[in-house]
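The values are calculated or read from the model by the stated rules, or taken from the named source; none is laboratory data. Given the structure is predicted, the values throughout are model-derived calculations rather than measurements. FYI the Cβ positions are ideal-geometry reconstructions off the backbone, even for glycines, and counts take in every protein chain you see.
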Amino acid sequence: MVTSFLVASALLRVGVGASEAIAREEPLIGSPLATMSSPQTCEQPEDMRALMAAFEEREMRIEKQEEEIRNRMQALAVADTEVTRKLAELEAAEGRLRSVIAVAETAADDDVTRLTRVYETMKPKNVAALFEEMDPDFAAGFIARMNPDSAAGVMAGLSPHAAYTISVVLAGRNANVPTD
């Protein structure tokens with residue numbers, strides 16, 4: 001029992017005395033607020049200052065290059081948008097031009113077909129007189145489109161020289177066409 005009183009007394013003294021000792025102790029490090037109010041500086045060696053200056057200069061150059069790259073990228077994006085728009089306009093214009101050319105070609109072909117039918121229905125003697133006056137290449141185009149019976153009647157009505165010239169044009173039309 002005496003031992004238990006002695007242990008309880010020792011624990012009581014340590015518990016009460018320790019809290020007083022902790023409360024009375026001076027702090028080893030100043031409070032963070034106190035250190036923030038007066039900034040601490042450290043003197044850099046000369047070689048470190050030169051190195052830091054070189055880093056700062058390099059950082060400024062890199063920032064300048066990055067700004068130039070951003071500007072170029074922005075200009076390229078604008079140019080790309082403009083090129084895309086112009087390309088779309090060009091494709092639309094090309095489509096319109098193709099339709100106009102198709103209409104023109106069809107109209108010209110229709111006119112030549114109609115005129116060929118007119119020549120086929122005329123008397124061969126009258127058509128031969130017209131073809132005598134025409135350029136042989138032009139006349140050969142009509143003869144090539146005519147049905148063979150009408151073309152034979154017209155060729156028979158032509159002078160030998162005109163018939164020969166038109167025959168040479170007809171025979172030589174496809175002479176230079178590649179065979180492979």
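For the reader, a short list of remarks on this structure follows.
- In the stretch 67-79, the condition of being in contact with a Ser or Thr (Cβ under 9 Å, 6 or more places away or on another chain) and charged (D, E, K, R) is met by no residue.
- From the list Met52, Met48, Met73, the lone residue that is at pLDDT 95 or above and hydrophobic (A, V, I, L, M, F, W, C) is Met73.
- Listed by position, the helices (runs of 4 or more DSSP H) contained in the stretch 64-180 that have at least 2 residues being hydroxyl-bearing (Ser, Thr, Tyr) are 160-172.
- Against the numbered list (1) closer than 30 Å to Gly157 by Cβ; (2) within 44 Å of the chain's Cα centre (by Cα), Tyr119 comes up short only at (2).
- Test: residue in the stretch 117-126 that is among the basic types (Lys, Arg), in contact (Cβ under 8 Å) with a residue 12 or more places away in the chain and surrounded by fewer than 13 Cβ atoms within 10 Å (Cβ to Cβ): yes
- There is at least one residue in the stretch 57-68 that is farther than 23 Å from Val168 by Cα and within 23 Å of the chain's Cα centre (by Cα).
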